[in-house]
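The values are calculated or read from the model by the stated rules, or taken from the named source; none is laboratory data. Treat the numbers as computed from the prediction; the structure is a model and nothing was measured. No Cβ is skipped: glycine too gets one built from the backbone with ideal geometry, and neighbour counts run over all protein chains shown. Please note that ligands, DNA and RNA were not included when accessible areas were found on the heavy atoms of the full protein model with its side chains. Shrake-Rupley method; radii C 1.70, N 1.55, O 1.52, S 1.80 Å.
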Amino acid sequence: MTSTIDQYRQSGIYVSRILKGDNPADLPFVQPTKFELMVNLKTAKALGLDIPATLLARADEVIE
């Protein structure tokens, strides 16, 4: 999952450039550079998945 805050920031930059007169077709395609790992343990359990402890340790957020 990408950072929502970064997506809003990038959207604001695009809107600003368009309002200043840039052609939307000329704006570069920007791929996200920051990703967040979130694990939902309740959903994993419902799906019958066992999440390794090493993956849980690396997760940015663990939803119980």
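Is it fair to say Gln31 is of a type outside the set (A, V, I, L, M, F, W, C) and either touching a residue at least 40 places away in the same chain (Cβ under 8 Å) or open to solvent by less than 70 Å² (accessible area, probe 1.4 Å) (or both)? If you could, list the steps in order and put the result at the bottom.
Numbers: of a type outside the set (A, V, I, L, M, F, W, C): yes; either touching a residue at least 40 places away in the same chain (Cβ under 8 Å) or open to solvent by less than 70 Å² (accessible area, probe 1.4 Å) (or both): no.
When the stated conditions are applied, Gln31 does not pass them.
Which residue pairs have Cβ atoms under 9 Å apart, sit 6 or more places apart or on different chains, and have a first residue in segment 49-64 that is under 15 Å from Phe35 (Cα atoms) and a second that is open to solvent by 90 Å² or more (accessible area, probe 1.4 Å) and assigned to a loop (DSSP other than H, G, I, E, B)?
Asp60/Met1
Can you tell me which residue in segment 34-64 is farthest from Ile5 (Cα to Cα), limited to those that are open to solvent by less than 90 Å² (accessible area, probe 1.4 Å) and in a loop (DSSP other than H, G, I, E, B)?
For segment 34-64, the residue satisfying everything is Gly48.
Kindly list, by first and then second residue, each pair from a residue in segment 11-23 that is aliphatic (A, V, I, L, M) to a residue that is exposed (fewer than 10 other Cβ atoms within 10 Å of the Cβ) and outside any loop (DSSP other than H, G, I, E, B), limited to pairs with Cβ atoms under 9 Å and residues at least 6 apart or on different chains.
Listed by first residue and then by second, the contacts come to Ile18/Pro24.
Could you check Ile18 against (1) modelled with pLDDT of 95 or more; (2) exposed (fewer than 10 other Cβ atoms within 10 Å of the Cβ) and say which number it fails?
Going through (1) modelled with pLDDT of 95 or more; (2) exposed (fewer than 10 other Cβ atoms within 10 Å of the Cβ) one by one, Ile18 breaks only (2).
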